[in-house]
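A short write-up of the structure that comes next.
The values are calculated or read from the model by the stated rules, or taken from the named source; none is laboratory data. Keep in mind it's a predicted model, so treat the numbers as computed, not measured. Note: ideal-geometry Cβ built from the backbone for every residue, glycine included; neighbour counts use all protein chains shown. These area figures cover heavy atoms from the full protein model, side chains too; ligands, DNA and RNA do not enter into them. Shrake-Rupley method; radii C 1.70, N 1.55, O 1.52, S 1.80 Å.
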Amino acid sequence: MPENSDIDIFIISDSSGETALTVAQTAVAQFPDIQVKYQRFPFIQTESILAGILKMAARKNAVLYYTLVTPSLSELVNHFTDENQLQAFDCLQPAIKALTNRTGVQPASIPSINHSLTDTYFDRIGAMEFAVAYDDGKDPTGLLKADIVILGVSRTSKTPLSLFLANRGIKVANLPLSPQSQLPDELWKVDPAKIIGLTNSPKVLRRIRQQRMISYGLPAESAYSDAEKIKAELQYADEIYKKIGCLVINVSNKSIEETATLILENLNLQPTEIDTIKD
């Protein structure tokens with residue numbers, strides 16, 4: 001079996017994603033030896049949410065199949081995938097362009113024109129907007145408004161995990177931990193039961209950071225990927241977790257989906273019922 005036979009496929013749509021999913025599954029059927037994990041992101045209609053999903057796709061080197069009626073969103077995907085050398089297929093814009101070329105009529109460009117909006121839809125969109133607004137400690141007031149607060153040192157998957165949970169209608173704020181940064185006062189006002197501390201093995205985290213540096217065109221060895229510095233950061237985070245008394249999850253051998261499941265089970269949270277694709 002080829003070395004890269006296990007792949008993630010992201011289905012991105014401003015509607016339900018059925019069309020993109022069908023195209024992806026039809027293509028995958030021609031490759032019986034590959035193992036595919038589908039993840040659907042339906043009703044995506046803002047650049048901020050789309051940008052967060054694309055960053056997650058880059059981390060997983062995912063293949064993207066997408067249907068986005070709004071040209072600017074489609075162009076954002078095109079530009080990002082070109083820059084990050086991701087494989088992607090636009091399932092909609094070429095079909096729209098063919099009709100425009102034939103008729104001379106411009107499309108209505110109305111997302112979800114065939115789908116009614118439900119409370120579930122608005123819950124999910126609101127949660128994803130929340131995750132973007134309160135990502136990476138941008139605004140510590142979000143810690144007090146969130147259903148879940150995620151803590152962790154750099155590169156412990158805080159943002160992709162936040163977006164994954166948000167796509168299930170859960171409001172998540174995340175905060176980076178560093179010995180050089182002062183913790184916001186709001187953190188100590190949050191119910192410890194709502195806080196999740198992420199950790200990793202020093203070896204795995206060092207490799208992730210080295211790869212990150214290389215992706216920026218920089219040397220793999222730096223202060224950011226220094227083994228001793230990473231150990232100190234993880235020790236600092238562990239001390240914070242013990243002081244808070246929160247749940248701690250080691251993500252070194254877990255996928256985003258596995259970590260999210262552990263969080264939901266431990267906090268007894270019920271995700272918003274949405275159309276999620278399983279393996």
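Just name the residue that is modelled with the lowest pLDDT out of those in region 150-171 that are in contact with a strand residue (DSSP E or B) (Cβ under 9 Å, 6 or more places away or on another chain) and over 30 Å from D226 (Cα atoms). For region 150-171, the residue satisfying everything is N167.
Given the condition modelled with pLDDT of 90 or more, open to solvent by 10 Å² or more (accessible area, probe 1.4 Å) and polar (S, T, N, Q), answer yes or no: does some residue in region 135-149 qualify? Yes, region 135-149 has at least one match.
Inspection of region 234-255 finds no residue satisfying the criterion of being more than 30 Å from G169 (Cα to Cα), among the hydrophobic types (A, V, I, L, M, F, W, C) and more than 23 Å from the chain's Cα centre (by Cα). Close Cβ contacts (under 6 Å, 6 or more residues apart or on different chains) running from residues in region 78-90 that are under 11 Å from F10 (Cα atoms) and open to solvent by 100 Å² or more (accessible area, probe 1.4 Å) to residues that are modelled with pLDDT of 95 or more and hydrophobic (A, V, I, L, M, F, W, C) comprise Q87/V63.
Go through (1) farther than 25 Å from N268 by Cα; (2) within 23 Å of the chain's Cα centre (by Cα) and name the single condition Q182 misses. Q182 satisfies every listed condition except (2). Within the span defined as region 4-13, one or more residues are modelled with pLDDT under 90, more than 20 Å from V132 (Cα to Cα) and open to solvent by less than 80 Å² (accessible area, probe 1.4 Å). Scanning region 103-117 for residues that are at pLDDT below 85 and of a type in the set (A, V, I, L, M), which turns out farthest from L50 (Cα to Cα)? By that ranking, first place goes to A108. Suppose the filter is loosely packed, with under 14 Cβ neighbours inside 10 Å and free of Cβ contacts under 8 Å to residues at least 60 places away in the same chain; does T22 pass it? Here the answer is yes, as T22 does meet what is asked. Among the helices (runs of 4 or more DSSP H) confined to region 1-105, the ones with at least 2 residues that are out of contact with any Asp or Glu (no Cβ under 8 Å at 6 or more places or on another chain), hydroxyl-bearing (S, T, Y) and at negative phi are located at 18-28, 93-103. Among the residues of region 45-87, those that are among the hydrophobic types (A, V, I, L, M, F, W, C) and within 13 Å of the chain's Cα centre (by Cα) comprise I49, L50, A51, I53, L54, M56, A57, A58, A62. Within region 8-45, being in contact with a helix residue (DSSP H, G or I) (Cβ under 9 Å, 6 or more places away or on another chain) and of a type in the set (A, V, I, L, M, F, W, C) holds for I9, F10, I11, I12, I34, V36, F41, F43, I44. Among the residues of region 25-46, those that are among the hydroxyl-bearing types (S, T, Y) and touching a residue at least 12 places away in the same chain (Cβ under 8 Å) comprise Y38, T46.
When V63 is tested against (1) modelled with pLDDT of 95 or more; (2) open to solvent by 40 Å² or more (accessible area, probe 1.4 Å), exactly one condition is not met: (2). Here K37 clears all of (1) of a type outside the set (S, T, N, Q); (2) modelled with pLDDT of 90 or more; (3) open to solvent by less than 50 Å² (accessible area, probe 1.4 Å) except the condition numbered (3). When T120, T100 are checked against the criterion of being among the hydroxyl-bearing types (S, T, Y), modelled with pLDDT under 90 and surrounded by fewer than 18 Cβ atoms within 10 Å (Cβ to Cβ), a single residue qualifies: T120.
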